[in-house]
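The values are calculated or read from the model by the stated rules, or taken from the named source; none is laboratory data. Small disclaimer: the values here were computed from a predicted structure and weren't measured. Positions of Cβ are generated from backbone atoms using ideal geometry, with glycine treated the same way; all protein chains shown enter the neighbour counts.
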Amino acid sequence: MSPMPAGVRSAFEAELDRARVTTDVDEMWHALERAHILSQEWAWPHTRAHWEMLRLAIRCRDRHEVVGQVLRLAFGGIASATGRAPLGNNGRSDVGPFTPMPIPDDLLAILAAGATAAR
(Lines give C-alpha, C1' and ligand atoms only; values in the text may rest on other atoms or scores of the structure.)
Protein backbone atom coordinates (compact mmCIF):
# COMPACT_ATOMS: atom_id res chain seq x y z
CA MET A 1 0.00 0.00 0.00
CA SER A 2 1.39 3.37 -0.96
CA PRO A 3 1.57 6.24 1.53
CA MET A 4 -1.13 8.88 1.54
CA PRO A 5 -0.15 11.60 -0.98
CA ALA A 6 0.86 14.92 0.59
CA GLY A 7 -2.10 16.86 -0.82
CA VAL A 8 -4.60 14.29 0.42
CA ARG A 9 -2.84 14.14 3.81
CA SER A 10 -2.99 17.93 4.09
CA ALA A 11 -6.73 18.01 3.31
CA PHE A 12 -7.35 15.10 5.71
CA GLU A 13 -5.50 16.83 8.55
CA ALA A 14 -7.32 20.10 7.80
CA GLU A 15 -10.68 18.36 8.19
CA LEU A 16 -9.59 16.77 11.47
CA ASP A 17 -8.41 20.19 12.67
CA ARG A 18 -11.72 21.76 11.62
CA ALA A 19 -13.59 19.14 13.65
CA ARG A 20 -11.43 19.95 16.69
CA VAL A 21 -11.83 23.74 16.61
CA THR A 22 -15.47 24.24 15.75
CA THR A 23 -18.05 24.41 18.52
CA ASP A 24 -20.95 23.24 16.34
CA VAL A 25 -21.55 19.48 16.67
CA ASP A 26 -23.08 19.18 13.18
CA GLU A 27 -20.01 20.90 11.72
CA MET A 28 -17.77 18.52 13.69
CA TRP A 29 -19.55 15.53 12.18
CA HIS A 30 -19.41 17.05 8.70
CA ALA A 31 -15.66 17.61 8.97
CA LEU A 32 -15.09 14.07 10.27
CA GLU A 33 -17.20 12.61 7.47
CA ARG A 34 -15.05 14.49 4.95
CA ALA A 35 -11.87 13.31 6.67
CA HIS A 36 -13.23 9.76 6.51
CA ILE A 37 -13.90 9.99 2.79
CA LEU A 38 -10.37 11.26 2.19
CA SER A 39 -8.83 8.50 4.31
CA GLN A 40 -10.55 5.39 3.04
CA GLU A 41 -7.74 4.13 0.83
CA TRP A 42 -5.16 4.17 3.65
CA ALA A 43 -5.49 1.94 6.72
CA TRP A 44 -3.96 4.16 9.41
CA PRO A 45 -5.66 7.45 8.41
CA HIS A 46 -8.96 5.55 7.98
CA THR A 47 -8.56 4.17 11.50
CA ARG A 48 -7.76 7.66 12.82
CA ALA A 49 -10.95 9.02 11.22
CA HIS A 50 -13.03 6.38 12.99
CA TRP A 51 -11.20 7.03 16.28
CA GLU A 52 -12.14 10.71 16.07
CA MET A 53 -15.73 9.76 15.19
CA LEU A 54 -15.85 7.45 18.21
CA ARG A 55 -14.57 10.22 20.47
CA LEU A 56 -17.28 12.58 19.21
CA ALA A 57 -19.98 9.92 19.55
CA ILE A 58 -18.96 9.41 23.18
CA ARG A 59 -18.94 13.16 23.77
CA CYS A 60 -22.46 13.37 22.30
CA ARG A 61 -23.57 10.32 24.32
CA ASP A 62 -24.91 8.74 21.13
CA ARG A 63 -24.98 5.02 21.93
CA HIS A 64 -25.93 3.93 18.42
CA GLU A 65 -23.03 5.90 16.95
CA VAL A 66 -20.62 4.63 19.64
CA VAL A 67 -21.44 1.00 18.83
CA GLY A 68 -21.15 1.65 15.11
CA GLN A 69 -17.83 3.43 15.49
CA VAL A 70 -16.38 0.68 17.69
CA LEU A 71 -17.18 -1.85 14.96
CA ARG A 72 -15.84 0.44 12.23
CA LEU A 73 -12.73 1.14 14.27
CA ALA A 74 -12.10 -2.60 14.53
CA PHE A 75 -12.57 -3.31 10.82
CA GLY A 76 -12.06 -0.05 8.90
CA GLY A 77 -8.29 -0.31 8.66
CA ILE A 78 -8.56 -3.91 7.50
CA ALA A 79 -11.07 -2.88 4.83
CA SER A 80 -8.64 -0.23 3.60
CA ALA A 81 -5.66 -2.59 3.63
CA THR A 82 -7.58 -5.16 1.58
CA GLY A 83 -9.12 -2.63 -0.83
CA ARG A 84 -12.65 -3.26 0.44
CA ALA A 85 -13.49 0.18 1.87
CA PRO A 86 -16.49 1.54 -0.06
CA LEU A 87 -15.39 4.82 -1.60
CA GLY A 88 -17.41 7.87 -0.66
CA ASN A 89 -18.95 6.25 2.41
CA ASN A 90 -19.18 8.91 5.12
CA GLY A 91 -18.31 6.48 7.94
CA ARG A 92 -21.37 7.16 10.10
CA SER A 93 -23.40 4.45 11.80
CA ASP A 94 -26.62 5.32 9.96
CA VAL A 95 -24.99 4.20 6.69
CA GLY A 96 -24.10 0.59 5.94
CA PRO A 97 -20.36 0.01 6.39
CA PHE A 98 -20.01 -1.34 2.83
CA THR A 99 -22.31 1.17 1.10
CA PRO A 100 -20.54 3.31 -1.50
CA MET A 101 -21.68 6.92 -1.68
CA PRO A 102 -21.02 9.81 -4.07
CA ILE A 103 -17.78 11.67 -3.33
CA PRO A 104 -18.18 15.45 -3.09
CA ASP A 105 -16.58 17.16 -6.09
CA ASP A 106 -13.95 19.04 -4.08
CA LEU A 107 -12.80 15.85 -2.33
CA LEU A 108 -12.84 13.96 -5.63
CA ALA A 109 -10.48 16.59 -7.07
CA ILE A 110 -8.14 16.24 -4.07
CA LEU A 111 -8.12 12.45 -4.38
CA ALA A 112 -7.57 12.61 -8.15
CA ALA A 113 -4.66 15.02 -7.73
CA GLY A 114 -3.20 12.70 -5.11
CA ALA A 115 -3.49 9.72 -7.45
CA THR A 116 -1.76 11.67 -10.20
CA ALA A 117 1.03 12.75 -7.84
CA ALA A 118 1.53 9.16 -6.67
CA ARG A 119 2.28 7.96 -10.23
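Counting only residues that are within 16 Å of Arg92 (Cα to Cα) and either surrounded by 15 or more Cβ atoms within 10 Å (Cβ to Cβ) or hydrophobic (A, V, I, L, M, F, W, C) (or both), how many does the range 1-32 have? So the count comes out to 9. Figure legend. Inter-residue proximity from the range 64-90: first residues at pLDDT 95 or above, second residues of a type in the set (Gly, Ala, Ser) and in a helix (DSSP H, G or I), beta-carbon distance below 6 Å, spacing 6+ or different chains. Indicated pairs: Glu65/Ala57; Val66/Ala57; Gln69/Ala57.
For the range 99-107, the condition of being surrounded by 13 or more Cβ atoms within 10 Å (Cβ to Cβ), modelled with pLDDT under 95 and under 19 Å from Glu15 (Cβ atoms) holds for none of the residues.
Within the range 38-52, the set of residues being over 8 Å from the mean Cα position of the chain (by Cα) and either buried (at least 24 other Cβ atoms within 10 Å of the Cβ) or within 12 Å of Arg84 (Cα to Cα) (or both) comprises Glu41, Trp42, Ala43.
Taken over the range 69-95, the criterion of being of a type outside the set (A, V, I, L, M), under 14 Å from the mean Cα position of the chain (by Cα) and over 21 Å from Ser2 (Cβ atoms) is satisfied by Gln69, Arg72, Phe75, Asn90, Gly91, Arg92, Ser93.
Ala35 - would you say it is modelled with pLDDT of 95 or more, more than 14 Å from the chain's Cα centre (by Cα) and crowded, with 20+ Cβ neighbours inside 10 Å? So Ala35 does not fit the description; no.
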